[in-house]
Amino acid sequence: MALRPPILQWVITFLLLLAVASPSMASAAKSMQIQASVNPTPTSLGISVLISGRVFELYNTSVASAVISLQANNPQGTSIHVAIAYADSEGVFQDAFLLVQNSPGGNYTVFLAADKPGYTTAHIILTFTYSSPDFTIESSTSALLLQQGRTGSLAVTILSLRGFNQRVNLTAINPPTGVTVLFTPASFVPSGTATMNVAASDNAQLGNFTVTILAVSGEVSHKASFQLNVTAKPFQPDLMLLTGAGSVLVLLGALGLMLHSRRRRREAVVEELLKQASADSGYVATARVIARLEELRAIGKVDEDTYQRLRKEHEKRLEKSR
């Protein structure tokens, strides 16, 4: 019985020491830190994003075999890349992923966390900015003077930005009555230049007008404009005289047949154009119909009244589809 007090005292002392040591043992985990950087590089497929870094202890001692969790979010906060990397013997790690060209532009965020048994978890957040591919449009002149019955031209340059490589379609919006605009070529992959030919008929509307050049590629579109000043043509008397009633009748008959045949051909061309337009009423398709109307009028395949009516209808569709 005399041994019980010393034994009990020893047990109590041990429990007290264990209680005191427990917080110390819990806090024995070493401090770990992480340094990292993000390097986005343009490629033919998009943007290659390289993430590299290093984990180390308090006194810059490398931490080998640490597990690094990575997550990249787009500007809308949606996760686009999740990966695991491992630190080598020098504490260094790397990871990479591809950001495709049609990704949304804005600020991207990369979250990293480094873990290893016996160490505290280290965190770091990286950001980088991505601007989606695009193009610019520029006219070679801001003003064009054109006389009735004459033609003029200007250059339209499309420049690729950040690897843009999609086909761009060109058309003109709101040319005055009697003025035809044609592009050569009407579409191409930038960077490049098209010639814009502007022709004023003998009865073209007189005055100063703002003509808009529209460049469309998928969901991307840009505009440029120039001032078109149409002036009156000089007076030229008609010196051709028809003699003889028979010659007049023959001429009128031939002219009537020619006009009838031309009218039928015009109607067939317009019917085919409307059939194609009804199949697709999207923004780009409507712009193409307007460009086709310009071409048909320039080569005399559609009369002026029909051209004006159809152009107004499709320009309204173009505004609604934006």
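FYI, it's all coordinate maths here, none of it is from the lab. These numbers come from a predicted model, not from an experiment. A quick note on method: Cβ atoms are made from the backbone with ideal geometry, for glycine too, and the neighbour counts reach across all protein chains shown.
Given H placed 1.01 Å from N in the peptide plane, which residues other than close sequence neighbours of Tyr108 have an amide H under 5 Å from its amide H?
Those lying under 5 Å, H to H, from Tyr108 are Phe128, Thr129, Tyr130.
What residues have an amide H closer than 5 Å to that of Thr177, excluding those fewer than 5 places away on the same chain, when H is modeled at 1.01 Å from N in the peptide plane?
For Thr177, whose amide H was placed from the backbone, the distant partners under 5 Å are Gln205.
For Ala28 and Asp134, what is the calculated FRET efficiency with R₀ set at 51 Å and r taken between the beta-carbons, to the nearest 0.05? Don't skip to the end; give the middle numbers.
Numbers: r = 55 Å, r/R0 = 1.08.
The calculated FRET efficiency here is 0.40.
Between Leu274 and Gln205, what is the FRET efficiency for a Förster distance of 41 Å, r being their Cβ-Cβ separation, to the nearest 0.05? Numbers along the way, then the final one.
Working: r = 25 Å, r/R0 = 0.62.
So, using R0 = 41 Å, E works out to roughly 0.95.
At what distance in nm do the modelled label points of Asn197 and Val82 sit from each other, each positioned 7 Å from its Cα along Cα→Cβ?
5.9
According to a simple spin-label model (label point 7 Å from Cα along Cα-to-Cβ), what is the distance in nm between Lys312 and Lys233?
2.5
If R0 is 22 Å, what FRET efficiency do you get for Arg162 and His222 from their C-beta distance, rounded to 0.05? List each step's numbers first, then the result.
Working: r = 14 Å, r/R0 = 0.65.
The computed FRET efficiency comes out at 0.95.
Hey, what do the phi angles of segment 300-307 turn into as Karplus ³J(HN,Hα) couplings, whole Hz, using 6.51/-1.76/1.60 and θ = phi - 60°, x for Gly and Pro?
The phi angles translate into x, 8, 9, 6, 5, 5, 5, 4 Hz.
Check which residues have an amide H placed less than 5 Å from Val189's amide H, if you skip close sequence neighbours.
HN-HN under 5 Å from Val189: Val168.
Cut-off is 10 Å between beta-carbons; in what order do Glu294, Glu319 appear when sorted fewest neighbours first?
Values: Glu294 21, Glu319 11.
Neighbour counts put them in this order, fewest first: Glu319, Glu294.
For segment 45-56, take each phi angle, set θ = phi - 60°, evaluate the Karplus expression 6.51 cos²θ - 1.76 cosθ + 1.60, and give the result in whole Hz per residue in order, putting x for glycine and proline.
Values per residue, Gly and Pro as x: 9, x, 10, 8, 9, 9, 10, 9, x, 8, 10, 7 Hz.
Here is the link list: Lys223/Lys316; Lys223/Lys275; Lys233/Lys320; Lys233/Lys316. Which ones come out longer than 26 Å on Cα distance? Walk me through the intermediate numbers first.
On the way: Lys223/Lys316 17 Å; Lys223/Lys275 28 Å; Lys233/Lys320 38 Å; Lys233/Lys316 32 Å.
Exceeds cut-off: Lys223/Lys275; Lys233/Lys320; Lys233/Lys316.
So how much slack lies between Thr43 and Glu295, counting 0.36 nm per residue of separation and subtracting their Cα-Cα distance, in nm?
Gain on extension, Thr43 to Glu295, equals 86.9 nm.
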